[in-house]
Structure formats: C-alpha cells, structure tokens
Amino acid sequence: MPEQIPHPLTPQDCLVAVMIAVSASDESIRTAELLTIESLVNNLPIFATYDLDRMKVMSQMVFELFSEEDGLDALFGLVRDNLPERLFETAYALSCDVAAADGALTESELRLLEEIRFELELDRLHAAAIERGARARHMTI
C-alpha cells in the first residue's frame with residue numbers, strides 16, 4: 001500500500017470504506033455514486049471531524065482488498081474490528097444510499113448489500129426499513 005494506514009481505522013474510515021466497496025462492487029464507479037459519497041461525508045454530523053484526505057487512502061485500501069482472493073472477508077474483518085456495533089445500521093444505510101444513487105441496482109451491488117447485512121448481523125426488518133428509506137430518497141419523477 002502506498003500510504004500506511006494507521007491501525008485501528010477510525011469509525012469514519014470504516015463507513016467510507018463500506019461506501020466505496022458498494023460503489024466499486026460492480027466494477028464501475030459511477031459519478032452519481034461518487035457525488036453521493038462526497039455529499040454524505042461533507043454533510044453528515046458523523047463525518048464532522050473526518051480528515052477528507054483519508055478518503056483517498058480508504059479508496060486505495062478497498063481497491064487493493066478487492067484485488068485479493070479473500071479481500072472482502074478482510075474488509076469485513078476490519079469493519080467489525082473498528083466500527084462500533086451501534087454504527088452498523090449507519091454503515092448499511094450509507095451503503096444503501098450509495099447503491100441507489102445512480103438509480104439502478106446491479107446484481108453485484110445487491111449481493112454486496114446482502115453480505116453487509118449478514119456480516120453486520122442486521123435484523124432483516126430493520127434492513128428492509130433502511131432499504132425503503134434509501135429508495136424513497138432516491139426516487140425520480
């Protein structure tokens with residue numbers, strides 16, 4: 001890795017990494033997804049103290065992990081180790097917003113969202129409510 005990531009990752013790093021993973025899951029990072037990530041990081045209170053320069057480091061980390069055979073498992077291990085459990089639903093909500101940002105959910109994005117639900121042990125009913133909220137926020141006329 002070009003820049004060494006200090007361990008542990010911050011909770012904000014974990015949230016950014018999960019959003020980038022969802023965007024990159026279909027091997028096509030769309031402008032709408034990047035703008036959504038940028039907007040979320042710039043506007044949500046949870047990112048108020050986040051160093052925006054870390055976004056590039058997190059992107060590089062996710063891309064490198066995705067190039068490895070067990071990279072997704074490693075990513076989830078990092079997230080579970082460094083993201084407080086009370087923010088697991090936040091991670092899923094942000095992931096859903098990124099997936100919905102371009103108006104189309106690909107099969108790979110849906111699979112990754114399912115994996116996030118499983119890995120973070122999210123209640124299915126809570127996950128459905130989060131998904132419904134993301135869908136409502138990203139509707140078009």
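For MET55, only one of the following conditions fails: (1) part of a helix (DSSP H, G or I); (2) over 14 Å from the mean Cα position of the chain (by Cα); (3) farther than 22 Å from ILE130 by Cβ. What is its number?
Here MET55 clears every test but (2).
On the basis of being under 25 Å from GLU107 (Cβ atoms), open to solvent by less than 70 Å² (accessible area, probe 1.4 Å), assigned to a helix (DSSP H, G or I) and not hydrophobic (A, V, I, L, M, F, W, C), does SER28 make the cut?
Numbers: under 25 Å from GLU107 (Cβ atoms): yes; open to solvent by less than 70 Å² (accessible area, probe 1.4 Å): yes; assigned to a helix (DSSP H, G or I): no; not hydrophobic (A, V, I, L, M, F, W, C): yes.
In short, no.
Give the stretch 76-103 a look and list any residue that's open to solvent by 50 Å² or more (accessible area, probe 1.4 Å) and either outside any loop (DSSP other than H, G, I, E, B) or free of Cβ contacts under 8 Å to residues at least 60 places away in the same chain (or both), or say none.
ARG80, ASP81, GLU85, ARG86, GLU89 - these are the residues of the stretch 76-103 that are open to solvent by 50 Å² or more (accessible area, probe 1.4 Å) and either outside any loop (DSSP other than H, G, I, E, B) or free of Cβ contacts under 8 Å to residues at least 60 places away in the same chain (or both).
Write out, first by first residue and then by second, each pair whose Cβ atoms fall under 7 Å of each other, whose residues are 6+ apart or on separate chains, and whose first residue, in the stretch 105-119, is outside any helix (DSSP H, G or I) while the second is of a type in the set (A, V, I, L, M, F, W, C).
LEU105/ALA99
Buried (at least 19 other Cβ atoms within 10 Å of the Cβ) and small (Gly, Ala, Ser) - does that describe any residue in the stretch 119-141?
Looking through the stretch 119-141, at least one residue is buried (at least 19 other Cβ atoms within 10 Å of the Cβ) and small (Gly, Ala, Ser).
For the structure I just gave you, tell me whether ALA48 is under 14 Å from ALA134 (Cβ atoms) and either open to solvent by 70 Å² or more (accessible area, probe 1.4 Å) or modelled with pLDDT under 95 (or both).
Details: under 14 Å from ALA134 (Cβ atoms): no; either open to solvent by 70 Å² or more (accessible area, probe 1.4 Å) or modelled with pLDDT under 95 (or both): yes.
So ALA48 does not fit the description; no.
The values are calculated or read from the model by the stated rules, or taken from the named source; none is laboratory data. Because the structure is predicted, anything quoted here is derived from the model rather than measured. Note: ideal-geometry Cβ built from the backbone for every residue, glycine included; neighbour counts use all protein chains shown. In case anyone asks, the SASA skips ligands and DNA or RNA and just uses the protein heavy atoms, side chains included. Shrake-Rupley method; radii C 1.70, N 1.55, O 1.52, S 1.80 Å.
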